[in-house]
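Notes to accompany the following structure.
The values are calculated or read from the model by the stated rules, or taken from the named source; none is laboratory data. Every value quoted in this text rests on a predicted model; they were computed, and no experiment measured them. Glycine gets a Cβ as well: all are built from the backbone with ideal geometry, and neighbour counts include every protein chain shown. In case anyone asks, the SASA skips ligands and DNA or RNA and just uses the protein heavy atoms, side chains included. Shrake-Rupley method; radii C 1.70, N 1.55, O 1.52, S 1.80 Å.
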Amino acid sequence: MSERGALRVRLDRLVREVVKFGAVGGAGLLVNLLVFNLVRHTTTLPVVRASILATVVAIAFNYVGFRYFTYRDRDKSRRTKELTLFLLFSVVGLVIENGVLYTATYGFGWDSPLQSNVFKFLGIGIATLFRFWSYRTWVFRAQPAAAAVGLPEESFLERDPQRPRPHRVRG
C-alpha cells in the first residue's frame, strides 16, 4: 500500500472513531444533562453535587457505549485494567467538568438554571477533549495482533471470511 493510501486508511479510521465516540458521547451528554436538571429541580442538593451525580451516571452509561460500540474491536484481554484506567481518566474528566461549574457557581456567583446549564455544558466539552485522547490512547487500546503486523484494526478484524488471506513470507 502506498504511503498516501496508508494515510487515507488511517484518516478514515480516525474519522469513524470520532463519529462513534461522538454518538456515544452525545447520548451520554443527554443523560448527563437530563439527570443534572432532574436532580437540580427535584431535590435540594447543591448545584455541583447534582452535577457530580449526573456525571457519575453518564460515566457508567458511556462505558457501556464505548466498550460495546465505539471500541468493540479493541483488545478485551485486559478488562480489569481497562475498567480501572477508564474510571481513573473519567474521574479526571469529572474534576475538569465540575471544576468549570464550581468556578462559575461559587467563584462568580453564576447560579441561575440557564447559567448552570451553560457552564455544565462548557465543562463537559473541555472534559470530552481530555477523555477522547485518554480513552483512545490508554484505555481502549488497539488489538496487539493488528498492531504487530502493521495492519489497520478494521482490515485485520473485519476481514471478509470468504476472501483468502495473503500469506506472509517469513525470512
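Only a single item in (1) polar (S, T, N, Q); (2) within 14 Å of the chain's Cα centre (by Cα); (3) not in a helix (DSSP H, G or I) is not met by SER90, and it is number (3). Tell me yes or no: at least one residue of the range 97-110 is open to solvent by 60 Å² or more (accessible area, probe 1.4 Å), out of contact with any helix residue (DSSP H, G or I) (no Cβ under 6 Å at 6 or more places or on another chain), under 25 Å from ALA23 (Cα atoms) and of a type outside the set (Ser, Thr, Tyr). The answer is no; no qualifying residue exists.
Could you check, for the range 9-19, whether at least one of its residues is touching a helix residue (DSSP H, G or I) at 6+ places or on another chain (Cβ under 7 Å) and outside any helix (DSSP H, G or I)? No. Filtering the range 47-76 down to residues that are among the hydroxyl-bearing types (Ser, Thr, Tyr) and without any contact (Cβ under 8 Å) to a residue 60 or more places away in the chain, which residue is surrounded by the fewest Cβ atoms within 10 Å (Cβ to Cβ)? My answer is TYR68.
How many of the residues in the range 27-64 are out of contact with any helix residue (DSSP H, G or I) (no Cβ under 7 Å at 6 or more places or on another chain) and under 27 Å from LYS81 (Cβ atoms)? Count: 3.
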